[in-house]
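Structure record follows, encoded as structure tokens.
None of the figures in this text is laboratory data; all of them are computed from the coordinates on show. What you see is a predicted model; the values in this text were computed from it and never measured. All Cβ positions, glycine included, derive from the backbone under ideal geometry; neighbour counts span all protein chains shown.
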Amino acid sequence: MIAQLSAVGFALACLATPALAASPADSYPSRPVRFIVPLPPGGSPDTIARTIAQGLPWPHQVVVDNRTSGGRILAADLVAKSAPDGQTWFLTTDNIIVVIPHLGPTPYHPLEDFTPVTQTAIFQFLLVVHPSVPAKSAKDLVALAKARPGTLNYASSGVGSAQHLGTELLRHLTGIEMTHVPYKGAAPALADLLPGRVHVFIGAANQLLPQVKEGRLRLLASAGAKRLAMLPDVPTIAESGVPGYHHDVWSGVLMPAKVPAAIVAKASRDIAAVLNAPGIKAKLAAQGIDVVTSSPQALGKLIRDDYERWGKVVRAAGIRAE
């Protein structure tokens, strides 16, 4: 009798083992994934999100949802307050998660309310001036701004934008004075830069290079930590006399806090496989988008480090949300 009970118990244990060993990732995703993009269609972040959504070989769709009404803060908060089941994603750019919270109160905490999944890209930024500005390098521009404090102005896509923070970092490291002229987006900023109504701009390479090639803008330096592969002869701002400068504008995928690690790992691995496919990587590079993927842990460290770094710049410049 004991032997029979032992045999029954062993059989039940064997039946139970697969259920106990099952991972949440085994049935993930169980329905379409909602991929929140807090920017309009057509820009580089949207391109990244749609590339991922179209490339994942999953049984359920990843549906891109461009949430532009109410600003980027509301989109981020929507994700932060979603269920921690991995069914809601957020395509963040660095300023949304590490800059905006320094400009004023936000309903989400960037270090506590999200689960990092993977970095996705670095967007190549350049330092340019209108040809009327007598500067041929970043070093020249700094010298000119010091000789004529407050006479040069610089454009941005708005307070707290990547363009704004990139130039404020330059000011922070060099002590130069330039007047900030914020616009509602890069397109209107560029429209005033081309005729010389504003003088200086740090912006996306894919928007600026056509104007540089036509001689309508002068390229001084690249803004990232290293030279761009497409512009190997163009020095970085750091190489041009501003040591410590680097403005690598990045994007990444986040989920709400407390999503199971197995789900996060699967999404991270599969997203990286899509973006690192040779054809996809080359196609995005031609648009000024460098694919850079990472582990969830590495993205978490990047967020923490940049949150601290940009907090110092925002406080030093006295930048507040408008």
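Key figures
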| read-out | value |
| --- | --- |
| Contact order relative to length of the range 125-222, as percent, for alpha carbon pairs under 8 angstrom and 6 or more apart | 47 |
| Excluding exposed DSSP-loop trypsin sites (Lys or Arg not before Pro) (at most 14 other C-beta within 10 Å), longest clean stretch of the chain | 1-80 |
| Interchain or long-range residues, amide H under 5 Å from Gly203's placed H | Leu126, Val128 |
| Directionally averaged shadow of the range 125-222, computed from the convex hull of its alpha-carbon atoms, nm² | 5.2 |
| DSSP beta bridge pairing in the chain, given as percent antiparallel to the nearest 5 | 65 |
| Rounded tilt (10° steps) of 44-55 against the dominant C-alpha axis of the chain | 30 |
| Under 5 Å, built H, 5+ apart or other chain: amide partners of Leu152 | Thr179 |
| 3J(HN,Hα) from dihedral phi, the range 286-294, Karplus parametrisation 6.51/-1.76/1.60, rounded to Hz, x for glycine, proline | 5, 9, x, 10, 8, 5, 9, 10, 7 |
| Using θ = phi - 60° and Karplus 6.51 cos²θ - 1.76 cosθ + 1.60, couplings along the range 181-187 (whole Hz; Gly, Pro as x) | 10, x, 10, 8, x, 6, 4 |
| Between 0 and 90°, nearest 10: helix 162-174 axis offset from the chain longest Cα axis | 60 |
| Dipole in debye (nearest 20) - the chain, about Cα centre, beta carbon charges: Lys, Arg +1; Asp, Glu -1 | 480 |
| Among Pro260, Leu111, Ala155 - extreme Cα towards positive end, dipole of the chain, charges at beta-carbon | Ala155 |
| Distant-in-sequence amide H partners of Asn66 (H built 1.01 Å from N, under 5 Å) | Val37 |
| DSSP beta bridges in the range 125-222 [antiparallel fraction, %, rounded to 5] | 65 |
| Inter-label distance, nm, simple model (7 Å from Cα along the C-beta direction), Ala261/Arg320 | 4.3 |
| Note, ³J(HN,Hα) from phi for the range 74-89, Karplus 6.51, -1.76, 1.60, rounded to Hz, x at Gly and Pro | 5, 5, 5, 5, 4, 5, 4, 9, 7, 4, x, 10, x, 8, 10, 10 |
| Percent RCO, i.e. relative contact order, over the chain, from Cα pairs under 8 Å lying at least 6 residues apart | 26 |
